[in-house]
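See below for the structure under consideration.
The values are calculated or read from the model by the stated rules, or taken from the named source; none is laboratory data. Predicted, not measured: the structure shown is a model, and the values here were computed from it. Cβ placement follows ideal geometry from the backbone for every residue including glycine, while neighbour counts extend to all protein chains displayed.
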Amino acid sequence: MERKYANAVAELRKRLGELLPKNYDTDFNLLRWLINAEKLTGQKTNNVDLAEKQLRNHLRLRAAMKLDEPGAVPPMAENPLQKDRLIPIGSTPLMPGTNKFLWWTDYKTLDMQGLMKSVKSSDMLLYHFWLYEHLLKLVNDQERKTGQMSGHVCVVDMNDYDFNPLTLLFFNSGQMTHYINVFHYEHYPQLVYPIYAINVPKWLYLAYKMIKVLLPKDINDRVRILDHNFRHTMRNEIDPKELPISLGGDMPDDHLKTIPARKLSPDEYYLAHEHEEDPPLDHCLHLQVNARRRRFLPVECHSADMVIEYFFTSDAELNFAVFFDPAIVEPHKTDQNDRNRHSIFSFGAWKQNQHHSPNEIDTDQMVMIKPPFCVGARYAPERGVVPCDRPGTYYFVFCNKHCWMTRRNVYLHLNLVENPEEKNNNDNSFKQVNLKSIAARSFSTN
């Protein structure tokens, strides 16, 4: 490692201190953040501040998703992406000359329509985080063996990938941009680099050009979009001795294998069945999240050992997150029945001079409970549980800042459960709460 990087790594480690999990605290893991900051700023030095800011955000996410807890990330064979064959799973042979892995995947069996209509967006993101943790472990193990930096060179073969309107929707709605930002800039920079998309059909190339303006300026350095004439480019950038013949190199293709994805049956689509546990939309709180705005719903919890169950659907994609603030206010007095049922909770009881004003909200200073993920709850509604193991305020946040013109409609239902371990396992219904009270005390910010 160059001296300038060694000094910067030492400084970055010193600043973060005990925030760094032991299994994540390696020189090369920290170096990747410094290299990423260098590319974003275009400066060769003075990048520790940006690297620290980005890494702190990643560590918040690791804590929220419990990625460093034993057993939190399942083996790749147990990841639903592979176990249920939701996406094609490619091979990752080592290229000894570069100390990198060649991550090659044939995407022709990817069923984008089936995924969008069958699997929650948040679940797909979670499964991809588990996948990237697997890729990170491969790299970390190789770096320990060799003492040299490793990574993944990704090749995605789009040959025979069929045109699909929902694929265009995935690209143009902001979800594809979200995936690229999350996995290649915000949380796993330089782990998978570069990415070659080969045999890209023209319709998909045009869709990519539309979203490229929303991506960081160095995206062309990280992602190559190539048609069937890709071999010349790859031979110029990668030693042919490290490349298989089918990719323009001299190596045999024997190790290039993909576990194909399965075609999801329409019977597996979420909306193909009635779900008795889903609340009727007329029992849900209707929220409108305007373009370039965020909508906050603060819920004060005055006791531990409780959970908030949530359910929502939306008419289009938006970001959803939950943050925790230990500040507590007195429960806002609502109607007598609601107060008797849930006296230790107060829905959105924000009061001037007692709590954050809307203009003072800073989620960066709060505890991340559920990371801000772009979800499309249009075909498969989102549902989940927020454990309230500490008294304080739990902020449910819906963000539409990525959209310039169109507002989003969200239909939300919440259920409060005391002593969840004693809850009847057969009772999956959502209890009635004062949703009008929530709407009255929610607020929007930029």
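Structure notes:
- When each of Y196, Y185 is tested for being among the hydroxyl-bearing types (S, T, Y) and under 24 Å from F373 (Cα atoms), the lone residue that passes is Y185.
- Within the stretch 218-271, being in contact with a Gly (Cβ under 9 Å, 6 or more places away or on another chain), under 15 Å from W103 (Cβ atoms) and of a type in the set (D, E, K, R) holds for E242, K257.
- No other residue among V289, V307 is surrounded by 12 or more Cβ atoms within 10 Å (Cβ to Cβ), farther than 21 Å from S121 by Cβ, of a type in the set (V, I, T) and not assigned by TED's automatic domain parsing to the domain that holds K120 apart from V307.
- Taking first residues from the stretch 184-196 that are part of a loop (DSSP other than H, G, I, E, B) and partners that are among the β-branched types (V, I, T), the Cβ contacts under 8 Å between residues at least 6 apart in sequence or on separate chains come to P189/I35; Q190/I35; L191/V139.
- Number of positions in the stretch 203-232 that are touching a residue at least 24 places away in the same chain (Cβ under 8 Å) and either in a helix (DSSP H, G or I) or surrounded by 13 or more Cβ atoms within 10 Å (Cβ to Cβ) (or both): 19
- Residue list for the stretch 108-145, filter: among the aliphatic types (A, V, I, L, M) and under 27 Å from L204 (Cβ atoms): L110, M112, L115, M116, V119, M124, L125, L126, L131, L135
- Subset of the stretch 374-429 [of a type in the set (A, V, I, L, M, F, W, C), under 21 Å from P280 (Cα atoms) and at pLDDT 85 or above]: V375, A377, A380, V385, F396, F398, V410, L412, L414
- Residue match in the stretch 153-161 (condition: of a type outside the set (D, E), buried (at least 19 other Cβ atoms within 10 Å of the Cβ) and more than 29 Å from W33 (Cα to Cα)): yes
- Unmet requirement for M112, which otherwise passes all of (1) modelled with pLDDT under 95; (2) within 25 Å of M149 (Cα to Cα): (2)
- Residue within the stretch 24-36 that is basic (K, R), part of a helix (DSSP H, G or I) and outside the structural domain of Y132 (by TED's automatic domain parsing) present: yes
- Of everything in the stretch 217-232 that is touching a strand residue (DSSP E or B) at 6+ places or on another chain (Cβ under 7 Å) and of a type in the set (A, V, I, L, M, F, W, C), the residue that is farthest from Y185 (Cα to Cα) is F230.
- Scanning the stretch 145-161 for residues that are out of contact with any helix residue (DSSP H, G or I) (no Cβ under 8 Å at 6 or more places or on another chain), on the phi < 0 side of the Ramachandran plot and either among the aliphatic types (A, V, I, L, M) or in contact (Cβ under 8 Å) with a residue 40 or more places away in the chain (or both) turns up T146, Q148, V153, C154, V156, D157, N159.
- Subset of the stretch 244-295 (residues that are among the charged types (D, E, K, R), closer than 30 Å to Y411 by Cβ and outside any helix (DSSP H, G or I)): E274, E276, E277, D278, R292, R293, R294, R295
- When V153 is tested against (1) among the aliphatic types (A, V, I, L, M); (2) part of a helix (DSSP H, G or I); (3) under 25 Å from P74 (Cα atoms), exactly one condition is not met: (2).
- Filter result for D68 (more than 30 Å from E268 (Cβ to Cβ), at pLDDT 95 or above, of a type in the set (D, E) and not in a helix (DSSP H, G or I)): yes
- Just one of (1) under 24 Å from I89 (Cβ atoms); (2) touching a residue at least 12 places away in the same chain (Cβ under 8 Å); (3) not polar (S, T, N, Q) fails for I245. It is (2).
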